[in-house]
Amino acid sequence: MSAPGIDPKLYRDAMARYAGHVQIVTTAHEGVRRGVTITAACSVSDSPAMVLVCLNRHNASNDIFAESGVFALNTLAAHHKGLADAFAGFAKLPVEERFAMGEWDELVTGAPTLKDAIAAYDCRIVDTKSVSTHNIFFGEVVGLRLGSKDQSLVYMDRSYHAI
Ligand SMILES: Cc1cc2nc3c(=O)[nH]c(=O)nc-3n(C[C@H](O)[C@H](O)[C@H](O)COP(=O)(O)O)c2cc1C
């Protein structure tokens, strides 16, 4: 416990105990593609089918999500660890080299969908909230593909796990 505010390091240590499914959220706009490795995503409702994703709005490269008005949420399997690293920007690869590490297609909106994702949710953005450092995009699912039930890629205790 601490007051008046929670110490940021304590908060990060607590969140490190939170197991989050690793996903890549993608979009495309005017011939430019963008993908970001995230764990901050969850279901909002099943009728209509809706998910939300949280993206750092201090990274100008994320502006394209608001500009396109669409995103695809690609749920990763354990064997996608290299892709997760690439789309987290660890090796600072150019964007098309990141995409070249996987096979992609499109469902409805034109946002890139990973062909062998465990699941791919293709979404139109129906609402956006800017809170603190992040934009929260609410996406109505307009296309959905279930892949094979491979082991999931999960991030916890500051490292990847397969479950
Ligand atoms: C496991 C993991 C989870 C992440 N979760 C998020 C997230 O939920 N939201 C976010 O904005 N960034 C998240 N990031 C950071 C972004 O992946 C990273 O800042 C971004 O891809 C940098 O891309 P750039 O080099 O193209 O700017 C996460 C990174 C990792 C490794």
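Residue-wise test of (1) open to solvent by 80 Å² or more (accessible area, probe 1.4 Å); (2) under 20 Å from Val142 (Cβ atoms).
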| site | (1), (2) |
| --- | --- |
| Gly5 | no, no |
| Lys9 | yes, no |
| Asp13 | no, no |
| Arg17 | yes, no |
| Ile24 | no, yes |
| Thr27 | no, yes |
| Gly35 | no, yes |
| Val44 | no, yes |
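Considering the stretch 24-117, the qualifying helices (runs of 4 or more DSSP H), each wholly inside and each with 3 or more residues that are of a type in the set (Gly, Ala, Ser), run over 81-87. Whenever a residue of the stretch 111-134 is farther than 25 Å from His79 by Cα, its partners that are of a type in the set (Val, Ile, Thr) and modelled with pLDDT of 95 or more, lying with C-beta atoms within less than 7 angstrom and at least six residues away or across chains, give the pairs Arg124/Val70; Arg124/Thr109; Arg124/Val142; Ile125/Val70; Thr128/Ile136; Lys129/Ile136. Filtering Ala3, Ala49 for residues that are over 20 Å from His161 (Cα atoms), of a type in the set (Gly, Ala, Ser) and at pLDDT below 95 leaves a single hit, Ala3.
Could you check, for the stretch 7-14, whether at least one of its residues is modelled with pLDDT of 95 or more and within 11 Å of the ligand (Cβ to nearest atom)? No - not one qualifying residue is present in the stretch 7-14. Among the candidates Ala72, Ala41, the residue that is closer than 22 Å to Thr128 by Cα and more than 13 Å from the ligand (Cβ to nearest atom) is uniquely Ala72. All conditions in (1) out of contact with any Pro (no Cβ under 9 Å at 6 or more places or on another chain); (2) surrounded by fewer than 17 Cβ atoms within 10 Å (Cβ to Cβ) hold for Tyr155, with the sole exception of (2). As for the stretch 74-86, it holds at least one residue that is closer than 28 Å to Ser47 by Cα, out of contact with any Lys or Arg (no Cβ under 6 Å at 6 or more places or on another chain), open to solvent by less than 60 Å² (accessible area, probe 1.4 Å) and not polar (S, T, N, Q). Selection of the stretch 129-146 for residues being surrounded by fewer than 16 Cβ atoms within 10 Å (Cβ to Cβ) and not aliphatic (A, V, I, L, M) yields Lys129, Ser130, Ser132, Thr133.
The requirement of being aliphatic (A, V, I, L, M) and at pLDDT below 95 is not satisfied by Ala84. Reported count of residues in the stretch 30-89, each being in contact with a Leu (Cβ under 9 Å, 6 or more places away or on another chain), under 21 Å from Asp116 (Cβ atoms) and of a type in the set (Ser, Thr, Tyr), is 2.
The values are calculated or read from the model by the stated rules, or taken from the named source; none is laboratory data. Computed from a predicted model, the values in this text were never measured in an experiment. Because the Cβ atoms are built from the backbone with ideal geometry, glycine has one as well, and the counts that use them run over all protein chains shown. Just the protein is used for accessible areas: all its heavy atoms, side chains included, with ligands, DNA and RNA removed. Shrake-Rupley method; radii C 1.70, N 1.55, O 1.52, S 1.80 Å.
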